[in-house]
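Engineer: Here's a structure for you.
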Amino acid sequence: MKPDLVTLALSKGRIFEETLPLLKAAGIEVLEDPEKSRKLILPTNRPDVQVVLVRASDVPTYVQYGGADLGVCGKDTLIEHQAEWGGAGGGLYQPLDLHIARCRMSVAVRADFDYASAVRQGSRLTVATKYTAIAREFFSAKGVHVDLIKLYGSMELAPLTGLADAIVDLVSTGNTLKANHLVEVERIMDISSRLVVNQAALKLKRATIKPIIEAFATAAQPA
Ligand code: PRP
């Protein structure tokens with residue numbers, strides 16, 4: 001890879017769409033639409049900047065190992081990644097809350113499950129989630145004993161099929177919960193996306209990376 005080429009890792013969907021205005025503020029325009037193209041490396045109007053498309057949970061890994069110099073990923077993804085790396089963060093420099101892709105991490109249960117009583121009585125809860133580090137920390141701080149079941153998607157199904165009493169998942173509009181007759185019973189934390197930077201790249205490619213970070217910082221405003 002050319003040393004003067006800066007690579008930004010993004011995931012398709014909401015993060016990609018909401019990063020575009022920030023890129024524009026930095027004078028960067030992505031030249032292909034990921035929803036139409038099958039390409040994983042997207043050129044930009046700048047010969048020294050390219051975008052790579054990876055799964056959301058792979059963004060910190062790409063940036064950590066230098067497969068990408070910069071990346072945008074949710075606070076949820078970062079916490080889970082850092083938990084896997086013993087909290088060290090694996091050489092990731094996390095400089096900036098971009099205030100995009102905002103949502104919340106919550107606990108949800110079936111509408112007919114009395115969560116408050118179960119917690120009050122000290123019952124052991126079975127909790128299904130993709131976010132095991134966040135769930136473990138949250139329930140441990142509350143003093144609630146949980147058996148965690150790791151899932152990779154469609155968490156809403158777990159309480160409906162009897163797999164779990166509760167789920168820990170991202171909630172945005174709340175429509176997915178409502179459609180599946182689940183109710184939000186606790187808000188664990190607010191989530192938004194962060195710009196992460198490879199520490200070595202920040203030193204070696206500072207002339208290109210620094211202005212991008214600064215433009216993102218100016219353009220990223222809390223709603
Ligand atoms: C998230 C989350 C919920 C949904 C909530 O999934 O897991 O399923 O969004 O959004 P809502 O409150 O607006 O209905 P996402 O679409 O990010 O995909 P994922 O299942 O791959 O995480």
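Engineer: Kindly indicate the residue of the range 24-47 that is among the small types (Gly, Ala, Ser) and touching a residue at least 12 places away in the same chain (Cβ under 8 Å) and also farthest from Glu214 (Cα to Cα) among those meeting that condition.
Structural biologist: Taking the range 24-47 and keeping what is among the small types (Gly, Ala, Ser), we get 25-27, 37.
Filter once more, keeping what is touching a residue at least 12 places away in the same chain (Cβ under 8 Å): 25-27.
Numbers: Ala25: 10, Ala26: 8, Gly27: 12 Å.
Checked the range 24-47; the qualifying residue farthest from Glu214 (Cα to Cα) is Gly27.
Engineer: State yes or no: is Ile188 buried (at least 16 other Cβ atoms within 10 Å of the Cβ), modelled with pLDDT of 95 or more, farther than 27 Å from Gly71 by Cα and among the β-branched types (Val, Ile, Thr)?
Structural biologist: Values: buried (at least 16 other Cβ atoms within 10 Å of the Cβ): yes; modelled with pLDDT of 95 or more: yes; farther than 27 Å from Gly71 by Cα: no; among the β-branched types (Val, Ile, Thr): yes.
Against the criterion (buried (at least 16 other Cβ atoms within 10 Å of the Cβ), modelled with pLDDT of 95 or more, farther than 27 Å from Gly71 by Cα and among the β-branched types (Val, Ile, Thr)), Ile188 does not qualify.
Engineer: Right, next: Search the range 158-173 for residues being out of contact with any Phe, Trp or Tyr (no Cβ under 8 Å at 6 or more places or on another chain) and assigned to a loop (DSSP other than H, G, I, E, B), and hand back the single one that is farthest from the ligand (Cβ to nearest atom).
Structural biologist: My answer is Gly162.
Engineer: Ok, one more. Of the residues that make up the range 47-59, is at least one over 18 Å from the mean Cα position of the chain (by Cα), at pLDDT 95 or above, under 26 Å from Met155 (Cβ atoms) and among the charged types (D, E, K, R)?
Structural biologist: At the first step, the residues of the range 47-59 found to be over 18 Å from the mean Cα position of the chain (by Cα) are 47-50.
Among the residues that remain, those that are also at pLDDT 95 or above are: 47-50.
Then drop every residue that is not under 26 Å from Met155 (Cβ atoms), which leaves none.
Checked the range 47-59: no residue is over 18 Å from the mean Cα position of the chain (by Cα), at pLDDT 95 or above, under 26 Å from Met155 (Cβ atoms) and among the charged types (D, E, K, R).
Engineer: Among the residues of the range 91-121, what is the count of those that are under 18 Å from the mean Cα position of the chain (by Cα) and either within 16 Å of the ligand (Cβ to nearest atom) or among the acidic types (Asp, Glu) (or both)? Give the derivation first.
Structural biologist: First pass over the range 91-121, keeping only residues under 18 Å from the mean Cα position of the chain (by Cα): 91-107.
Filter once more, so that each one left must be either within 16 Å of the ligand (Cβ to nearest atom) or among the acidic types (Asp, Glu) (or both): 97, 100-107.
Summing the residues that are under 18 Å from the mean Cα position of the chain (by Cα) and either within 16 Å of the ligand (Cβ to nearest atom) or among the acidic types (Asp, Glu) (or both) in the range 91-121 gives 9.
Engineer: Pick out the one residue from Arg187, Arg124 that is away from the ligand (no atom under 16 Å from the Cβ) and among the basic types (Lys, Arg).
Structural biologist: Details: Arg187 fails: away from the ligand (no atom under 16 Å from the Cβ).
Answer to the check: Arg124.
Engineer: Filtering the range 136-157 down to residues that are more than 13 Å from the ligand (Cβ to nearest atom) and aliphatic (A, V, I, L, M), which residue is farthest from Ala111 (Cα to Cα)?
Structural biologist: Step one: of the range 136-157, the residues more than 13 Å from the ligand (Cβ to nearest atom) are 136-150.
The next check asks that each one be aliphatic (A, V, I, L, M); those that pass are 141, 144, 146, 148-149.
Numbers: Ala141: 25, Val144: 20, Val146: 20, Leu148: 20, Ile149: 20 Å.
Ranking the candidates gives Ala141 first.
The values are calculated or read from the model by the stated rules, or taken from the named source; none is laboratory data. Being a predicted model, the structure only gives us computed values, none of them experimental. We place every Cβ from the backbone using ideal geometry, glycine too, and count neighbours over all the protein chains shown.
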